[in-house]
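The values are calculated or read from the model by the stated rules, or taken from the named source; none is laboratory data. What you see is a predicted model, and the numbers here were worked out from it, not measured in a lab. Positions of Cβ are generated from backbone atoms using ideal geometry, with glycine treated the same way; all protein chains shown enter the neighbour counts. Note: areas computed on protein heavy atoms with side chains; ligands, DNA, RNA excluded. Shrake-Rupley method; radii C 1.70, N 1.55, O 1.52, S 1.80 Å.
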Amino acid sequence: MSTPASGVWFAPGRANLMGEHTDYNEGLVLPFALSQGVTATVTRRDDGLLAMRSKQMPGDEIITVGVDGLRPASVQGWAAYPAGVAWALRAADVPVAGATIEIDSDLPVGAGVSSSAALECAVALGLCEVSGIAMSRRVLAAVARQAENEFVGAPTGIIDQHASLLCQAGHAMLLDCATRDITQVPFCPSAAGVSSLVIDTCVPHSLADGAYARRRAQCEEAARQLEVPFLGQITDPADAGRLEDPKLRRRARHVVSDSARARAIATALAEEDGADVYRDIGDLLTAGHASLRDDFEVSWTQADVTVETAIDAGAYGAKMIGGGFGGSVLALVPTGAIADVRAAVTRTFTERSWTPPAFMEAVPSPAARRIA
């Protein structure tokens with residue numbers, strides 16, 4: 001089979017039913033892929049250069065760098081993500097060719113729906129194919145994560161790239177971050193008259209800042225004091241209670257409880273269908289938000305107000321998604337109440353003189369793929 005000189009690849013963003021900040025603790029996560037994502041048009045070139053352009057950036061600027069000269073932090077801004085993928089592939093002794101990369105996206109940036117991972121995964125698929133490289137998706141997910149961790153400098157876990165590359169349409173993916181075991185769980189709320197609604201609070205976040213890294217360091221210290229490699233190994237909430245420092249105790253309690261909620265949701269989806277199961281899952285979403293707000297302390301005022309307002313307007317439950325300190329809320333809403341929820345949240349934001357929220361239907365969708 002001949003190697004294509006160019007093509008177009010799409011990688012989806014993701015929403016997370018449960019398991020925030022559990023991935024780097026080697027706990028359980030339960031994401032699903034969105035229909036929205038990032039498109040990368042990749043064309044091989046023979047001069048050893050990466051020429052990168054994004055339709056979302058003003059001025060139509062083309063950023064050009066030499067593949068051989070790539071080093072962590074050598075490229076800044078959005079272009080660090082595709083450049084980091086090329087660097088990580090070459091660090092793995094994959095002979096990536098130079099390429100022209102044109103990016104387009106219908107994912108909001110900084111909204112907690114993994115736009116950066118979608119960018120990495122679309123570019124990774126494209127660079128591999130135009131370079132004549134075959135690589136398993138699990139390995140490619142690790143390469144894309146390395147790009148974000150080491151080249152960009154964002155200390156994220158494994159959930160985002162795995163979700164973008166390995167999720168299935170009509171399913172949520174239960175991922176054990178310790179073993180990398182994957183279970184695809186049927187998740188089709190529309191069949192039960194329910195919608196999963198992403199509500200962007202329009203408060204941007206950045207995972208490369210210090211707050212996310214501090215949470216990770218706190219979890220590592222809690223694990224050290226509990227004499228386990230990672231908090232994900234703890235399944236009994238009482239074990240977290242052995243920590244003397246109340247802050248570390250709260251951090252550990254969140255990791256243990258969020259992993260347990262992820263497993264409970266996956267079990268419920270595998271065993272039941274109909275609206276009743278989504279009511280139960282909604283309660284777990286709301287409990288997960290309370291844990292992120294109170295125990296992990298990564299929520300923000302607009303998210304807390306959105307969760308409360310959405311539930312009062314008819315949602316079964318809601319929670320913040322992503323790393324926190326800004327971004328989006330995921331709500332499970334009976335289809336007949338969608339208009340009421342949207343109107344109530346919009347009205348509340350207007351009354352508080354906040355930037356109006358944005359709404360996105362979250363349909364469980366296929367993983368990354370070549371589209372042209």
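What net charge is computed for the residues neighbouring T3, neighbours being all others with C-beta under 14 Å from the C-beta of T3, Lys and Arg scored +1, Asp and Glu -1? So the surrounding residues net to +1. A 1.4 Å probe run over the protein chains yields, for the chain, 39 Å² of accessible area per residue, whole-number rounding. Evaluating 6.51 cos²θ - 1.76 cosθ + 1.60 at θ = phi - 60° for every residue in the range 118-132, the Karplus couplings come out as 4, 4, 4, 6, 4, 5, 4, 4, x, 4, 4, 6, 6, 9, x Hz, glycine and proline recorded as x. Our note on the geometry: Cα centres of the range 353-369 and the range 42-84, 27 Å apart. Using a Gaussian network model of the chain in which every pair of alpha carbons under 10 angstrom is joined by a spring, one finds that among A124, A223, A172 the greatest mean-square fluctuation is at A223. Here the mean projected area of the convex hull built on the C-alpha positions of the range 266-372 is 8.7 nm². Per the Debye formula with a single identical scatterer at each Cα and no solvent contribution, what log10 I(q)/I(0) holds for the range 101-199 at q = 0.15, 0.16, 0.25 Å⁻¹? Values, matching the q order: -0.71, -0.80, -1.42.
Over the chain, dividing the summed -39,500 (n - 2.57) contributions of all DSSP H runs of at least 4 residues by the number of residues returns a 222 nm mean residue ellipticity of -12000 deg cm²/dmol. When the alpha carbon coordinates of the range 8-161 are projected onto the principal axes, the ranges are 45, 34, 26 Å, largest first.
Find, among the trypsin sites (Lys or Arg not before Pro) in the range 19-70, those assigned to loop by DSSP (not H, G, I, E, B) with at most 13 other beta-carbon atoms within 10 angstrom.
Passing sites in the range 19-70 are K55.
In plain terms, the chain from D236 to R370 could stretch by 43.9 nm, reckoned as 0.36 nm per residue minus the Cα-Cα distance. For the chain, the fraction of 1.4 Å probe accessible surface lying on carbon and sulfur atoms is 50 percent. Axis angle, to the nearest 10 degrees, between helix 246-271 and the longest C-alpha principal axis of the chain: 90 degrees.
With R₀ set to 25 Å, the beta-carbon distance separating T64 from S6 gives a calculated FRET efficiency near 0.90.
The listed peptides 194-205, 301-312, ordered by packing as a protection proxy, come out as 194-205, 301-312 (highest mean of other Cβ atoms within 10 Å first). When only alpha carbons are used to place a centre, the range 293-311 and the range 97-171 end up 29 Å from one another. Each principal axis of the Cα cloud of the chain was evaluated for its coordinate range; sorted largest first, these ranges are 57, 49, 42 Å.
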